[in-house]
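Accompanying notes for the structure given below.
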Amino acid sequence: QVGHLFKTFKAPKKDGKKYYGEVSILLDENGFIEFLTFKKRSGHAELDEAVYNSIVEAKQLMLPRNPALRKAMTTRPLTSNYSDDDMAD
């Protein structure tokens with residue numbers, strides 16, 4: 001499902017510097033993104049904005065049928081990281 005979050009990701013161009021960021025989302029009981037926050041911004045405003053926009057555009061994740069996994073995905077924030085490796089050459 002992480003791939004779905006970044007389906008519309010529009011990577012900024014690499015500039016030779018190193019960046020690393022983390023973003024967390026919380027899903028509602030239907031898989032819709034209810035809350036989005038940066039745990040750590042990367043230090044590159046365009047990269048952070050591209051990550052934010054891509055997640056907002058994703059809107060919803062498919063939740064598993066397994067009740068325990070479903071509950072875990074809707075009661076705990078899901079965190080993903082990104083870095084300069086995600087930027088375009």
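The values are calculated or read from the model by the stated rules, or taken from the named source; none is laboratory data. For clarity, every value in this text was computed on a predicted model and none was experimentally measured. Every residue, glycine among them, receives a Cβ derived from its backbone with ideal geometry; neighbour counts consider all protein chains shown. For accessibility, only protein heavy atoms count, side chains too; no ligands or nucleic acids. Shrake-Rupley method; radii C 1.70, N 1.55, O 1.52, S 1.80 Å.
Considering only alpha-carbon pairs that sit under 8 angstrom and 6 or more positions apart, the relative contact order computed for the chain is 44 percent. Of the beta bridges in the chain, as assigned by DSSP with both residues counted there, near 95 percent are antiparallel. Kirkwood radius and radius of gyration were both taken over the C-alpha atoms of the chain, and their ratio Rg/Rh is 1.01. Once the 1.4 Å probe is applied to the protein heavy atoms, the chain comes out at 67 Å² accessible per residue. Within region 1-34, find all residues whose amide N lies under 19 Å from a label point positioned 7 Å from the Cα of residue 89 along Cα-to-beta-carbon. Residues 10-19 qualify, since their backbone N sits under 19 Å from the label point.
To put it simply, the accessible area of the chain at a 1.4 Å probe is 52 percent carbon and sulfur. Expressed in nm to one decimal, what extension gain is obtained for the pair residue 81 and residue 32 from 0.36 nm per residue of sequence separation less their Cα-Cα distance? Result: 15.7 nm gained on full extension. Name all residues of region 1-29 having a backbone nitrogen under 13 Å from the label point set 7 Å from the Cα of residue 40 along its Cα→Cβ direction, giving them as ranges. Of the residues in region 1-29, 19-24 have backbone N under 13 Å from the label point off residue 40.
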